[in-house]
Amino acid sequence: MKPGFKLMLTAVVTVFFSFILTGLVGNLLIQGWQHRNWLAQQRLLHREQEFRAQQELFEEVASLAGRRQHRMVRLLEGLRRGDAELIKKRFSEYDEATIVWNERLNALYTKLTMQLKWSYTKELEKIQETFVSIGGQLEALTSDRLSGR
């Protein structure tokens with residue numbers, strides 16, 4: 001073999017193996033980065049789903065509690081006016097809001113404990129105790145007012 005041919009063959013083989021090695025290493029690096037980015041996207045997606053679920057839970061608690069509280073205030077205002085028909089109507093609305101609240105309460109306790117913390121469930125139980133206490137007083141006042149006492 002001629003020395004020039006050997007040198008050219010060595011150069012071609014070096015370029016060829018350099019190209020293959022660079023391609024393989026580059027491909028492995030790119031694949032690793034893509035996998036890492038995909039995992040980060042999956043974590044972000046999971047956090048977004050958790051946030052949405054917690055937001056929906058908060059909105060449900062706030063909506064149901066707000067509705068019940070609002071109906072309590074309306075009933076109290078009706079009791080102050082003394083009109084029996086208005087009191088009956090407002091009591092019916094209050095009773096309806098109370099039923100919806102009570103039907104969802106166990107599910108809310110469960111979701112709060114599972115999605116957030118048990119301490120939030122304890123706080124909601126305190127709110128429920130307050131609702132029950134005030135509701136009992138409103139029901140007694142309503143009964144007294146409607147019976148003429």
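Computed from the coordinates by the stated procedures, all read-outs in this text should not be read as laboratory data. It should be emphasised that the depicted structure is a prediction, and the values quoted were computed from it without experimental measurement. Backbone-built Cβ (ideal geometry, glycine too); neighbour counts: all protein chains shown.
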**OP:** Work from the charge dipole of the chain (Cβ charges, +1 for Lys and Arg, -1 for Asp and Glu, about the Cα centre) and give the residue of Ile30, Ile127, Leu75 farthest towards its positive end.
**Re:** Ile30
**OP:** Please report, in whole Å, how far the alpha carbons of the stretch 1-44 spread along each principal axis, starting with the longest.
**Re:** 62, 8, 5
**OP:** Check cross-link reach from Lys89 to the lysines: straight Cα distance under 30 Å, and skip same-chain residues fewer than eight apart.
**Re:** Lys126
Subject >> Top positive-direction residue, dipole computed over the chain with Cβ charges, set Phe51, Thr142, Gln115 >> reply: Phe51
**OP:** Place a +1 charge on the Cβ of each Lys and Arg in the chain and a -1 charge on the Cβ of each Asp and Glu, then give the dipole magnitude about the Cα centre in debye, rounded to the nearest 20.
**Re:** 680
**OP:** On a C-alpha basis, how far is the centre of the stretch 1-73 from the centre of the stretch 108-126 in Å? Whole number, if you could?
**Re:** 34
**OP:** Evaluate the distance, in nm, between pseudo-label points positioned 7 Å from the Cα of Lys122 and of Leu76 along their respective Cα→Cβ axes.
**Re:** 2.8
Original post:
Helix 84-115 versus the longest principal axis of the chain: what angle, 0 to 90°, nearest 10, using Cα atoms?
Top reply: 30
Original post:
Leu7 to Trp38: extension gain in nm, 0.36 nm per residue of separation minus the Cα-Cα distance?
Top reply: 6.6 nm
**OP:** Starting from the Cα-Cα distance between Val15 and Val100, subtract it from 0.36 nm times their residue separation and give me the gain in nm to one decimal.
**Re:** 23.0 nm
Subject >> Angle in degrees between helix 118-146 and the longest Cα principal axis of the chain, rounded to the nearest 10 >> reply: 20
Subject >> Debye, to nearest 20: dipole size of the stretch 1-82, +1 on Lys, Arg Cβ, -1 on Asp, Glu Cβ >> reply: 180
Subject >> Nearest-0.05 FRET efficiency for Ser147 and Asp83, computed from C-beta distance (R0 22 Å) >> reply: 0.90
Subject >> Long-range tail of P(r) for the stretch 54-112 (Cα pairs > 16 Å, %) >> reply: 48
Original post:
Within the stretch 88-130, what residues put their amide N at less than 18 Å from the label point 7 Å along the Cα-to-Cβ vector of Phe51?
Top reply: 115-116
Original post:
Once both axes come from the Cα atoms, what is the angle between helix 3-81 and the longest principal axis of the chain, in degrees from 0 to 90, rounded to 10?
Top reply: 0
